[in-house]
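Here is the structure we will look at.
None of the figures in this text is laboratory data; all of them are computed from the coordinates on show. None of the values given here were measured: they were computed from a predicted structure. Cβ placement follows ideal geometry from the backbone for every residue including glycine, while neighbour counts extend to all protein chains displayed.
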Amino acid sequence: MAFVSMAASMPRAVFIASLVAALAMAAAGGAAAARGGRVIHLRFYMHDITGGPGQTAVQVVKGPGPAHPAMPGSHFGDTTVIDDALTEGDSAASRPLGRAQGAYTLASLGEPVLWVSMTVVLTGGAYNGSTIAVVGRDDVSASVRELAVVGGTGAFRRATGHVLWRTARMESRDHMVLELDVYATVPGASPPPPPRAAGAVRQEGLNLFNL
Ligand SMILES: *[C@@H]1O[C@H](CO)[C@@H](O)[C@H](O)[C@H]1NC(C)=O
């Protein structure tokens, strides 16, 4: 209890002054760490195809309860496992950038709210091989939803941040196109992404840029 005995032996004003100084130093340290971090912004489109040819989303749990009040035909607890394609443009035929692998569960008794937990695995471009862990609440009635970036691997090791998530359009009854803007802060010491070899990476097309 060195801190307590030091405090007891110190005149009160001096103790408070040193406490303030210590807090200021801690705050400065935090700001410096933030300055050392890099924000990576990615935009891509996610194709959630729940039936028909090219299905990528499969319902694995059907909730046993009554029909959901806000989502006709659905039930509390309904769970779908996904391996959705990610593309650079909103067309499924545009350049593939990766997959969104995970699941979503209808997790509100009254509202049309999904709990989403997924790994974004990037399979092309500057961050090929890296992953981003995304978790959060998807209120499908809201025009923009915010989910959390809770970690990652490779270039996204120790990432924190958020994802802005919008429904871009319905391609068909079974094919929803979502637009995702990922803002991930990675520590300055994280390994930089692989070099952007000319020809291998079209930066403007990828919509990848550092803020
Ligand atoms: C991504 O990395 C994998 C493994 O290194 C490689 O086989 C693949 O060709 C790369 N893809 C692109 C589009 O660069």
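Structural remarks
- Check on V144, more than 9 Å from the chain's Cα centre (by Cα), among the hydrophobic types (A, V, I, L, M, F, W, C) and surrounded by fewer than 15 Cβ atoms within 10 Å (Cβ to Cβ): yes
- Sole exception among (1) small (G, A, S); (2) in a loop (DSSP other than H, G, I, E, B); (3) within 16 Å of the ligand (Cβ to nearest atom) for S108, by number: (3)
- Count of residues meeting criterion [more than 10 Å from the chain's Cα centre (by Cα) and either away from the ligand (no atom under 16 Å from the Cβ) or surrounded by 16 or more Cβ atoms within 10 Å (Cβ to Cβ) (or both)] in the range 117-126: 5
- Scope the range 142-164; condition outside any strand (DSSP E or B) and within 16 Å of the ligand (Cβ to nearest atom); matching residues: G154, A155, F156
- Answer from A168, A148 - the residue that is out of contact with any Gly (no Cβ under 7 Å at 6 or more places or on another chain) and of a type in the set (G, A, S): A168
- If you filter the range 127-141 down to residues that are in a loop (DSSP other than H, G, I, E, B) and over 18 Å from A184 (Cβ atoms), you find that the one that is nearest to the ligand (Cβ to nearest atom) is V140.
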